[in-house]
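Chemist: Dropping a structure here in structure tokens format, bear with me for questions.
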Amino acid sequence: MAADIEATGTNRRQRPLSVSDLPYPSGELRTWSECLTPAGFNEGLSVAMFEPGGRHVGFVALLYAGSRPPSPELRTTLARAASVMGQGMDPVRSLTSAARLVAGAAAGVVLLENGTAEALPGLTMDPLLRAGTAVLELAHADIRAGHTYTTFL
């Protein structure tokens, strides 16, 4: 499914995309040919979700058995809903709540898989916690070594 999301661009900012918008048959996408079409789904509408700062946080798809392309009104409604859902689904928000349990915490980041760091909302980005610093390189190496997470003070 991830390969199909990448191939259709539904992990990037764009208007909601339906199967009928594709420049090739949906059967060329493995998710459709192996899962969705055999299950009776013939059409769908999908869009990426982003948090207010622009970070990609998810993907939403509406699937249905009918073969009529989705209406412009449905596309507009889904685009608006995805904007709201993206704000609510941001996993960093729950990490911020956990970070606030640390008395006196003034700075904090989430280290992303690609090595970049995002400041936790409500906390500052300390210069020691910027991507490329020794501290984050050490943390990133620890995670790449197989640790699910690492913490340090």
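Only the coordinates and a few stated rules stand behind these numbers; no lab work does. Note that this is a predicted model, so its numbers are computed, not measured. Methodologically, a virtual Cβ is constructed for each residue, glycine included, from the backbone with ideal geometry; neighbour enumeration extends over all protein chains shown.
Chemist: Using amide H atoms built in the peptide plane, which far-off residues or other-chain residues are under 5 Å from ALA107 H to H?
Modeler: THR124
Chemist: Once fully extended, how much extra length lies between ASN42 and THR124, figured as 0.36 nm per residue of separation less the alpha-carbon to alpha-carbon distance?
Modeler: Working: separation 82, 0.36 × 82 = 29.52 nm, distance 4.73 nm.
Residue separation times 0.36 nm, minus the Cα-Cα distance, leaves 24.8 nm.
Chemist: Taking 4 °C and 1.567 mPa s as the conditions, I'd like the Stokes-Einstein D for region 93-144 in µm²/s, using the Kirkwood hydrodynamic radius from alpha carbon pairs.
Modeler: In µm²/s, the coefficient rounds to 114.
Chemist: Can you tell me the FRET efficiency between ALA79 and THR133 if r is taken as the Cβ-Cβ distance and R0 is 41 Å, rounded to the nearest 0.05?
Modeler: Working: r = 38 Å, r/R0 = 0.92.
Efficiency for this residue pair is about 0.60.
Chemist: Using Rg and Dmax of the Cα atoms in Å as the read-out, say which of (1) 19.6, 57; (2) 14.6, 45; (3) 17.7, 58 was calculated from these coordinates.
Modeler: (1)
Chemist: Same structure, new question: Which ³J(HN,Hα) values, rounded to whole Hz and listed in residue order, are derived for region 122-127 from phi using the Karplus coefficients 6.51, -1.76 and 1.60 in 6.51 cos²θ - 1.76 cosθ + 1.60 with θ = phi - 60°, glycine and proline given as x?
Modeler: x, 10, 8, 9, 5, x
Chemist: For the chain, set up a GNM with springs between Cα atoms under 10 Å and report which of SER83, SER94, SER71 has the largest fluctuation.
Modeler: Comparing SER83, SER94, SER71 in the GNM, the peak value goes to SER71.
Chemist: I need the Debye-formula profile for region 35-109: one equal scatterer per C-alpha, no solvent, reported as log10 I(q)/I(0) at q = 0.15, 0.21, 0.28 1/Å, two decimals.
Modeler: For the requested q values the scattering log ratios are -0.65, -0.93, -1.17.
Chemist: OK, next. Just for the chain, what percent of DSSP beta bridges are antiparallel, to the closest 5?
Modeler: Details: 13 of 14 bridges.
Around 95 percent of the beta bridges assigned by DSSP in the chain are antiparallel ones.
Chemist: In whole Hz and in residue order, list the ³J(HN,Hα) couplings for region 40-48 that follow from phi through the Karplus curve 6.51 cos²θ - 1.76 cosθ + 1.60, θ = phi - 60°; x for Gly and Pro.
Modeler: x, 8, 10, 9, x, 9, 9, 7, 7
Chemist: Okay, next question. Longest exposed-loop-site-free stretch of the chain, with chymotrypsin sites (Phe, Trp or Tyr not before Pro), DSSP loop and at most 11 other Cβ within 10 Å? Before the final figure, lay out the partial values.
Modeler: Details: sites that count: TYR149, PHE152.
My reading of the result: 1-148 is the longest stretch.
Chemist: Next up: For region 6-18, take each phi angle, set θ = phi - 60°, evaluate the Karplus expression 6.51 cos²θ - 1.76 cosθ + 1.60, and give the result in whole Hz per residue in order, putting x for glycine and proline.
Modeler: The phi angles translate into 5, 5, 8, x, 7, 10, 10, 5, 6, 5, x, 10, 10 Hz.
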